[in-house]
Structures are given as structure tokens and as C-alpha cells.
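One structure is given here, and the rest of the page talks about it.
None of the figures in this text is laboratory data; all of them are computed from the coordinates on show. Small disclaimer: the values here were computed from a predicted structure and weren't measured. When we count neighbours, we look across all protein chains shown, and the Cβ atoms used for this are built from the backbone with ideal geometry, even at glycine.
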């Protein structure tokens, strides 16, 4: 018997332009009056997935929020090299309207993302397919499982086909099936749709699976960065490399 | 702005609490108190006083619903996404603030319409009535933004908004006519927007006033809304209001 395999839809878009993507330089940001980022720099080429890893409180979320324009920067610059320099962001929380249905949530955020009314239905359909939520399009978001909410949140970030996609721990709390689907979708968004994807996670196996490069961050600073294969070259695994670089002491 | 207003409206209309607070409770109070307290009302038909009285009183719960709209976004974690979108944040704030005004306008129209249909309440000319209704809705929702930035939870919001709404309605003559209030309270009544809303409805519904004759109530209500925003602008903790965390 052949096991059922979740299919991830292919999204056709123009090929990646050389040099396109995201460049964040020297990001300095505060949170609650406390300095959280101390000059984080990050490059995410279009067509690739860049992993952002670090212990709790390292500054991953603040880095993504700063790039997304949510957290104000004290210093630094963010540049998106693309024909349409737009950014899609899936925050750590699902960030949805629970009383609205899945399709309504997508339609609302498509409108916010600037998708024209005539194109909105098609965009909602594409996002439903990406999230694998076609069967629950009329269900209220508040009644979805955690995995479904996470998939919907991820799909919302892709509305309007932004050049840069930022996913903040998108797979936290989801089951292996949903995680597999999301990891496949994240890979497809970069490699098939040509987006520059930055993806934070505590799951280093996910980083190894889907990311081309990884940035390890701690105490608001980049500890090391490079192709995933290079980062673990002196260690048996990426996790071993991560623990060597960030220490084994408990955080938060 | 329109998207934010429509989303807020759609979310609000799916909240059953809204229907209970804005419509069911005032109608219950009207039904119970109109005949019981008939002698204290200046009009021959007590409903001619209680319908606008309780409609105005509960219209000011608009401030709680306006504030709740901002708290909900915080609770659902939506600010982080909304602020990342290519939309000016103030358009979102304005859109969200407009929706409760629309809801309260509908509430006032519904209660006045039901009063006319079920209790024979005379409504007066439609143009001044509509102008007054909209001005009351704007005044009723005006403190919402400041409230949302000051309270830390829905419990705090409920407590503070109940205090403000019931307190101002009592002093403003929405429950017992201002003319029946004890001296000191009667002198305070004109300081409340409810007093001016009721004065306006009295002029339109009982005295046949046109738009020109309700200039003072309209100015007082809109002045209250502008004043609240102006006074609270510095007090509003904008960062906290839009805090994504």
C-alpha cells in the first residue's frame, strides 16, 4: 500500500533575479527600554531559505519584527532587492481573526496586502491550496486546530506574493504531518516561487532539512552564519555546532 | 481604512455580547421601567422619555466596544502582522475607530425605530434626528482609543467603562430626567454629553425642532468627541495601544 503523501502546490512565478533578496545591516533595536539587537546583519538571497536559530531570548523574533517594520530600529538598514520590494510576515502567534472564517481571513489580509479585488478570489484559492485548508475554508479560524491555524498563518503571509517572507517559528506546537507540509511549503515558496525566505525555528532538524544557509544568533548578535553544511563541518550535527557556539547553560 | 472598518464591523456583528448590551438590555429596561416610573417622566407617553434615555445611555457603551476592538487585536496577536503590512497604521486605527460609530448608529436607529413601532414614540423630522443620532454615536465611541491604551485587560475595561457609562448616564439624565435630579447633580448634568444628546432628542422628538434648532446639542456632542481626543492625545499610550506583544 502506498502511503498518502501530502502534496505541496507548485507556484509559478518568474525566475529569481540574480542579486535579488533581502539585506539587513547592523540592526540595533530595543524592547521595553532594553537593548535586544546589537548590530545584527543578515542576507537572504531570493530563491533560498535562510534559517535563523538561537536560544530563547536571543533576538530572533526582534530581528524578524525589525525587518518586517513592526519593531522600530534605532540603527541599521533593511533593503529588499526586488521588482516589488514587499515583505510578508507570519508572527509567532497565529495572528488571525478567530470569528472570521478561513476564507474570510485570507480575503481580509489579501485586501490589506494590496491584492486587487478582482484578483482576490484567485489569491485566496492559491493560499488555501498552499495551506492545505480547502476543506475547511468556511470554518471559523477560532475553531481550527493549532496546526491548521499555523498553516493558515503561513498562507496569510504569502498573500500578494511578497518578495521576502519571514516566518517566526511557524511550526511550533504542530504535529509531524503538519510540520512536514509546512516545511515542504516553505521550501517551495523559495525554490519554486522565488521568494527570499527567512525562517526561525528551535528545531535544528528543520533547519537542516529546508535551509540553504543558517544564521546563529545569541544575545542580540550574530554568532556565526553560512551554508548549513559548512556550519556543522566540525561537529557531528547542526545541534552539536549550535550548542558549542551558544553554550549548554539553560536560558529563560 | 475601509478594510479595517469592514473587518471590525464584521467581527463586531459576530459578537453576541454586542446585541445584548446595545439592544436587549436597554429594551428590557424600557419595558420594565417605563410604566413603573411613569410619574417621573415629563412626557405623556413615558416611552417618549425612556426610549431616547436608555438608547443614549447604552450608546455610550460604544466606547467600550471601540476599546475592545483594540484589545482584541492585541489578544489575537494581530498587531505584529498588521503593522508589517503595507498599510499606514493610522488608517487601520481610524478604520477600527469608525466601525463602533457605525454599530452605535445602527443601535440608536433600531431602538428609536422599535420605540416608534411598538410604543408609538414620535420621532420628529428625519434629518435632525439622523444628525443627532450620528453625533451621539461619535461622542459615545470617542473615549474608546484612550481607554484601550490605559486598561491592561478586558476586566479593567469592563469596570472602567461601566463606571463611566452608568455614572455619566445617571448625572446626564438618561435614567432619571435631569430636572428630577438633586440640585448639585442637576447643575453637573450639562457637563455630560448624555445631557446634550437627550436635550437634542427632546427638541427633535417632542418640540419638532429642525436642524437649526439643535445646533447647541450637536456642537456639544461633537465638541465632546474632539475634546476627548485632544485631551487624551497626550495621555494615549500609543506604543502600548499598538504594541505587537
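Axis angle, to the nearest 10 degrees, between helix B:126-141 and the longest C-alpha principal axis of chain B: 50 degrees.
Put in order of Cβ neighbour count within 10 Å, fewest first, the listed residues B:136, A:62 become A:62, B:136.
A crude spin-label estimate for the pair residue A:240 and residue A:192, with each label 7 Å from Cα along the Cβ direction, gives 3.5 nm.
For residue B:40 and residue B:219, what is the calculated FRET efficiency with R₀ set at 22 Å and r taken between the beta-carbons, to the nearest 0.05? Let's see the in-between values first.
On the way: r = 29 Å, r/R0 = 1.31.
The pair residue B:40/residue B:219 has a calculated efficiency of 0.15.
For chain B, what does the relative contact order come out to in percent, with C-alpha contacts under 8 Å and a separation of six or more? It would help to have the intermediate numbers written out before the result.
Numbers: 336 pairs, mean separation 67.5, N = 245.
Taking the mean separation of contacting Cα pairs over the length of chain B, I get 28 percent.
Among A:81, A:167, sorting on how many other beta-carbon atoms sit within 10 Å of each Cβ, with the fewest leading, yields A:81, A:167.
Remark on region B:143-184: ratio of C-alpha radius of gyration to 2.2 N^0.38 Å is 1.45.
So what's region A:87-212 giving for Rg/Rh, alpha carbon basis, Kirkwood Rh from the mean inverse pair distance?
0.94
Between residue B:90 and residue A:229, the simple spin-label model (points 7 angstrom out along Cα→Cβ) gives 5.2 nm. Residues of region B:99-137 with an amide N closer than 12 Å to a point placed 7 Å from the Cα of residue B:1 along the Cα-to-Cβ direction: B:99.
Looking at region B:58-108, what % of the alpha carbon pairs are farther apart than 12 Å? Result for the distance tail: 65 percent. Taken over the alpha carbons of region A:12-130 as equal point scatterers, the Debye sum produces base-10 log I(q)/I(0) values at 0.13, 0.14, 0.15, 0.22 Å⁻¹ of -0.67, -0.76, -0.86, -1.27. Simple spin-label estimate for residue A:145 and residue B:154 gives 2.6 nm between the two label positions (7 Å along the Cα-to-Cβ direction from each Cα).
Rounded to the nearest 10 degrees, what's the angle between the helix A:176-191 long axis and the longest principal axis of chain A, both from Cα atoms, 0 to 90? Taking Cα atoms only, the helix is inclined about 80 degrees. For region B:1-136, the Cα-based Rg and Dmax, in that order, read 17.6, 59 Å.
Round to the nearest 0.05 the FRET efficiency obtained for residue B:231 and residue A:56 when R0 = 45 Å and r is the Cβ-Cβ distance. The partial results should precede the final answer.
Working: r = 42 Å, r/R0 = 0.93.
It comes to 0.60.
Taking every Cα-Cα distance in chain A and sorting them into 5 Å bins from zero, the calculated P(r) comes out as 1, 6, 14, 18, 19, 17, 13, 8, 3, 1, 0, 0 percent. Compactness ratio for region A:97-155: Cα radius of gyration over 2.2 N^0.38 Å (N = residue count) comes to 1.00. Overall size of the protein assembly as shown from C-alpha positions, given as principal axis extents largest first: 91, 51, 38 Å.
The mean number of Cβ atoms from other chains found within 10 Å of a Cβ in peptide B:83-94 is 5, as a whole number. Straightening the chain between residue A:177 and residue A:205 buys 8.6 nm, computed as 0.36 nm per residue apart minus the Cα-Cα spacing. No solvent, one uniform scatterer per C-alpha: report log10 I(q)/I(0) for region B:133-209 via the Debye equation at q = 0.28 1/Å, two decimals. Here the Debye-derived log intensity ratios amount to -1.24. Computed from Cα atoms, the angle from the helix A:102-112 axis to the main principal axis of chain A rounds to 70 degrees. The distance linking region A:94-172 with region B:33-104 is 29 Å (Cα centroid to Cα centroid, whole angstrom). From helices alone, the protein assembly as shown scores -16500 deg cm²/dmol at 222 nm; the rule is -39500 (n - 2.57) for each run of n ≥ 4 DSSP H residues, then divide by the residue total.
Just want the ordering: A:222, A:215, from fewest to most Cβ atoms lying within 10 Å of their own Cβ.
Values: A:222 20, A:215 25.
The order, fewest Cβ neighbours first, is A:222, A:215.
Using packing as a proxy for protection, rank A:171-182, B:197-208, A:32-43 so that the peptide with the highest average count of other Cβ atoms within 10 Å comes first.
Values: A:171-182: 18.0, B:197-208: 22.5, A:32-43: 15.6.
With the highest mean Cβ count within 10 Å placed first, the list reads B:197-208, A:171-182, A:32-43.
Calculation over all alpha carbon pairs of region B:2-241 in 5 angstrom steps from 0 returns a P(r) of 1, 7, 14, 19, 19, 16, 11, 7, 4, 2, 1, 0 percent.
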